[in-house]
Amino acid sequence: MALRTRLARLDDGEQLLAWRNHASSREQSLNTHIISLETHLAWLAATLADPQALLLLAEYDSLPAGQLRLNREADQRYFLSWSIAPEHQGQGIGKTLLRAFCGATAMRLHARIKPTNPASQRIAEAAGFELSATDSGWDTWQRNPISQQAAYTSDPQTIVDNINSQGAPLNFL
Ligand SMILES: CC(C)(COP(=O)(O)OP(=O)(O)OC[C@H]1O[C@@H](n2cnc3c(N)ncnc32)[C@H](O)[C@@H]1OP(=O)(O)O)[C@@H](O)C(=O)NCCC(=O)NCCS
């Protein structure tokens, strides 16, 4: 049993939308509305083409298990968001995935987490994030890189390879 990541593709659209529209995700999102397939596919195509965004799909035992998205915002801040497939929640996958991503990248990361989302708070803490601000009902968490000397790359496939090369922590079962 192993958890691996890969770059998301356009044909992941329906799977990603099913996760996005699931109640467990909507209640923890900025936008809690149901999103249509048409709107979602347009967003996905734009995200995949955006050099400021990185969308990864996590596969557990070769089946889709979650997603992780990195967005570089105007002020050069990197925001990370994530979700785990409803049938795989509570199995340690979110914690493993976030730690692996943080171990494979060397930029300062931010995440917005609702104060009512203890599971995301736990996995953020486990990946080295600290609560840095609270604003309008959202907490901002920040993770500083452990070493500035760690190799920084913005090449998506290199990031994926770095995550997957952390074999031991990913083979967690
Ligand atoms: C939040 C989410 C990403 C967590 O991922 P996960 O794979 O289910 O979480 P894990 O199994 O790795 O568990 C992470 C930690 O949270 C804890 N946890 C899980 N549910 C919890 C709860 N309701 N209350 C308190 N802690 C909880 C686990 O015990 C674990 O902590 P530990 O390892 O220190 O014991 C996932 O449940 C999810 O996608 N939820 C819906 C969408 C969402 O919330 N996205 C994130 C928006 S910021």
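The values are calculated or read from the model by the stated rules, or taken from the named source; none is laboratory data. The model shown is predicted, which means the values in this text are computed figures rather than measured ones. Neighbour counts run over all protein chains shown; Cβ positions are idealised from the backbone, glycine included.
Here are the numbers:
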item	result
From the options Leu30, Leu41, residue that is part of a helix (DSSP H, G or I) and on the phi < 0 side of the Ramachandran plot	Leu41
Among residues of the range 31-58, those that are more than 17 Å from Thr158 (Cβ to Cβ) and either of a type in the set (Val, Ile, Thr) or exposed (fewer than 15 other Cβ atoms within 10 Å of the Cβ) (or both), counted	15
Strands (runs of 3 or more DSSP E) within the range 55-173 that include 2 or more residues farther than 27 Å from His40 by Cα and modelled with pLDDT of 85 or more	130-135, 138-143
Meets criteria (touching a Ser or Thr at 6+ places or on another chain (Cβ under 6 Å), polar (S, T, N, Q) and surrounded by 18 or more Cβ atoms within 10 Å (Cβ to Cβ)) for Ser83	yes
Where a residue in the range 1-30 is closer than 18 Å to Leu98 by Cβ and its partner, wherever it lies, is basic (Lys, Arg), with Cβ under 7 Å and at least six apart	Gln28/Lys114
Members of the range 11-39 that are away from the ligand (no atom under 16 Å from the Cβ) and over 17 Å from the mean Cα position of the chain (by Cα)	Asp11, Glu14, Ser36, Leu37, Glu38, Thr39
Pair list, Cβ under 8 Å, 6 or more apart: the range 74-100 residue among the hydroxyl-bearing types (Ser, Thr, Tyr), other residue part of a helix (DSSP H, G or I) and modelled with pLDDT under 90	Thr96/Pro169; Thr96/Leu170
Pairs, first over 13 Å from Leu16 (Cα atoms) in the range 31-53, second modelled with pLDDT under 95 and surrounded by 15 or more Cβ atoms within 10 Å (Cβ to Cβ), C-beta under 6 Å, six or more apart	Gln52/Arg72; Ala53/Asn71
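Every residue, every condition in (1) of a type in the set (Gly, Ala, Ser); (2) within 12 Å of the ligand (Cβ to nearest atom), yes or no:
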{"site": "Asn71", "(1), (2)": "no, no"}
{"site": "Trp82", "(1), (2)": "no, yes"}
{"site": "Gly90", "(1), (2)": "yes, yes"}
{"site": "His110", "(1), (2)": "no, yes"}
{"site": "Thr116", "(1), (2)": "no, yes"}
{"site": "Ala126", "(1), (2)": "yes, yes"}
